[in-house]
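Only one structure is covered here, and it is reproduced in the block below.
All of the numbers you see were taken from the coordinates with simple rules; none came from a lab. Just so we're clear, the structure is a prediction, and the values are computed from it rather than from any experiment. Cβ: placed from backbone, ideal geometry, glycine included. Neighbour counts: every protein chain shown.
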Amino acid sequence: SKRIVIVGGVGGGASAAARARRLDEKAKITMFEKGPNVSFSNCSLPYNLSGVIPDADSIVLKTPEQFKAQYNIDAQVNKEVIGANTAEKTVQVRDVKTDLLEEVPYDELILSPGAKPIMPKQISGIDNKNVFSIRNVVDIKQLQSYLTENKVQDVAVIGGGFIGLEVGENLTLAGKNVSVIEAAEHVLGTVDDDFAQIVQKHLYDNGVNVIVNDGLAKISDQEVELASGKKIPAQVVVMAIGVKPDTTLATKIGCKLGETGSILVDQHYETTVPDVYAVGDAIELTQRQTCQKSRLALAFPAQMEARDAVDHIYGRKVDNQGFIGTQVIHLFDINVASTGLTEKACRENNIEYRFATVIPKNRVSIMPDTTPIFLKLVFGYPSGEILGAQVIGHSQIDKQIDVLATMITMHGRVSDLTHLELAYSPWFSTAKNAVNMVGLVAENILNDEYRQVPVTKVRELVEKNAFIIDAREPNEYQAGHITTSVNIPLSQFRDRLDEIPTTEPVYIHCQSSQRSYNMVRALDNLGYKNITNISGSYGELCEYE
Ligand code: FAD
């Protein structure tokens, strides 16, 4: 019978083991994990900090005993694979507790060692005992005890990616004063600046001190110092500036690394060493739309790759298709999701694109708890191929992102969205789903039916003293408006046409860019040649309602 040895017992490792058992009841499957737990939910770790998941031990989904009893899989914890003789096909395993070594034979070796948090050695204080990173259950328990034993009040989370933000959210919910420090111009690199502003505003409103464009320079007991010289109180620092693939073992046994420094694999997840496969956070993947070599540290790809690698071992047809990168995050009262390419990614890859933003309600407006959905679609120009999407809302916006991720995977076009039949009743959405609406707007943009500028250009327009019309009602205008804007509501403009210039460019905005869009279309229709919609929301500028 086949001997399958797996290195790493969590995301990819546990999936590979389970798949191998399903395909081969006779195989001898051994999974080595250097930590004390296999099969835990890494993604749930931050939720223990707030008590949403009260018991850290419950994050472990399956014990070695359960693996043995249910699947006849030999899951060994505290066992580190430190090398391999790939000619003899054996691995060397070290017992982490006793230091004893053992040699274990394999026919097929699957590496799923994951990725390690980046801890830049040059930062003074990085090795201090008040500096943490989060990768496993042990890390979360250590952080929890340190916070309690030292009565910590102020925490600096370094890095505004999804792990940093989830940690920041949960520590805030636990009553800590949290600063999230991000070196880039905004948090969440998976969305564009305009959408990141909504996220940052929401974090501020919930008490998180978000600092962008500034990096960590120095850590001491009570504070961190930033590159700008700014000092932030912090008795604990959580490092979340990203992860780097754990290639220690792979390199040692002769597997080649790719241009991103992660393990190079082929179409079937086989490394450059025969019968050695690699999956998960440690491997190099291709971004499907740009064909760029890249990395992706997400749970679903790790599990899917593990299944594919095992399928290939058993002679099934598999296809390493790379990824488009679909993700979703919950932060206090909002959900933020993205898939495919952002505007920024299009620009970096010289892809000609356009975008459409809509801000409809999540359900029919007279229903209870109706909230806005911010949905941005990025599409190829002039092809209309759907390239990417970003969604923010209080509601279950994963529906919209998943539909759009599916469309990207199927090479869908803007025109496919307009007639897409999606489930509707007033509880669930508006009759035209946000996905249909953004398709319709995108189609108009593709057909050059009207002009638009993004909401992020407003500052520039104000500085240029451009003529900006605020199409909202007077009471909304009085409650707050762009300083230089003129209030001509949609409900009044037909009687006030003489106030709208015909010789200089005119920009129109409102709360969700729907009323402004209607006014733009009407003025275009009346023969105005100089009218541009400001796509996005007044809410994005100052207030996320
Ligand atoms: P891992 O699951 O990290 O497993 C690798 C294991 O290999 C480790 O336990 C390590 O100890 C072990 N190992 C390494 N080298 C050896 C060796 N030589 N011998 C023995 N054992 C070894 N993804 C999402 O899609 N959505 C989320 O919401 C999400 N949230 C996350 C939150 C946090 C805090 C973290 C840390 C990750 C999150 N992820 C999320 C990412 C996701 O968990 C990973 O992409 C996924 O677990 C990768 O699987 P993997 O098998 O490659 O690595």
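Given the options SER1, SER58, name the one that is over 31 Å from the mean Cα position of the chain (by Cα), polar (S, T, N, Q) and more than 14 Å from the ligand (Cβ to nearest atom).
From the options SER1, SER58, the qualifying one is SER1.
What do you reckon, is ILE468 within 35 Å of the chain's Cα centre (by Cα) and of a type outside the set (Lys, Arg)?
Answer is yes for this residue.
For a quick check of your reading of the model, give me the residue pairs whose first member lies in segment 211-238 and is assigned to a strand (DSSP E or B), whose second is surrounded by fewer than 17 Cβ atoms within 10 Å (Cβ to Cβ) and of a type in the set (Ser, Thr, Tyr), with beta-carbon atoms closer than 8 Å and at least 6 apart or on different chains.
These pairs meet every condition: ALA217/SER124; LYS218/SER124; ILE219/SER124; VAL236/TYR146.
Within 30 Å of SER145 (Cα to Cα) and more than 12 Å from the ligand (Cβ to nearest atom): which single residue out of THR63, THR90 fits that description?
THR63
Being under 23 Å from ASP99 (Cα atoms) and of a type in the set (Gly, Ala, Ser) is the filter here, so list the residues in segment 17-44 that pass it.
Within segment 17-44, just GLY35 meets the criteria.
Restricting attention to segment 148-157, and to residues there that are away from the ligand (no atom under 14 Å from the Cβ) and touching a residue at least 60 places away in the same chain (Cβ under 8 Å), which single residue is farthest from ALA297 (Cα to Cα)?
ASN150
Test of understanding: among THR260, THR272, THR286, THR251, which residue is farther than 23 Å from ALA20 by Cβ, part of a loop (DSSP other than H, G, I, E, B) and either polar (S, T, N, Q) or within 11 Å of the ligand (Cβ to nearest atom) (or both)?
Of THR260, THR272, THR286, THR251, the one residue that is farther than 23 Å from ALA20 by Cβ, part of a loop (DSSP other than H, G, I, E, B) and either polar (S, T, N, Q) or within 11 Å of the ligand (Cβ to nearest atom) (or both) is THR260.
The rows are residues; the columns are (1) within 28 Å of SER15 (Cβ to Cβ); (2) among the polar types (S, T, N, Q); (3) surrounded by fewer than 19 Cβ atoms within 10 Å (Cβ to Cβ).
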{"residue": "ASN72", "(1), (2), (3)": "yes, yes, yes"}
{"residue": "GLU88", "(1), (2), (3)": "yes, no, yes"}
{"residue": "ASP95", "(1), (2), (3)": "yes, no, yes"}
{"residue": "GLU102", "(1), (2), (3)": "yes, no, yes"}
{"residue": "PRO113", "(1), (2), (3)": "yes, no, no"}
{"residue": "PRO117", "(1), (2), (3)": "yes, no, yes"}
{"residue": "GLY168", "(1), (2), (3)": "no, no, no"}
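In segment 285-303, what residues are surrounded by 20 or more Cβ atoms within 10 Å (Cβ to Cβ) and in contact with a helix residue (DSSP H, G or I) (Cβ under 6 Å, 6 or more places away or on another chain)?
ALA297, ALA302, GLN303
Being surrounded by 23 or more Cβ atoms within 10 Å (Cβ to Cβ) and touching a Leu at 6+ places or on another chain (Cβ under 6 Å) narrows it down to one residue among ALA282, ALA306, ALA278; which is it?
ALA278 is the lone residue from the list that is surrounded by 23 or more Cβ atoms within 10 Å (Cβ to Cβ) and touching a Leu at 6+ places or on another chain (Cβ under 6 Å).
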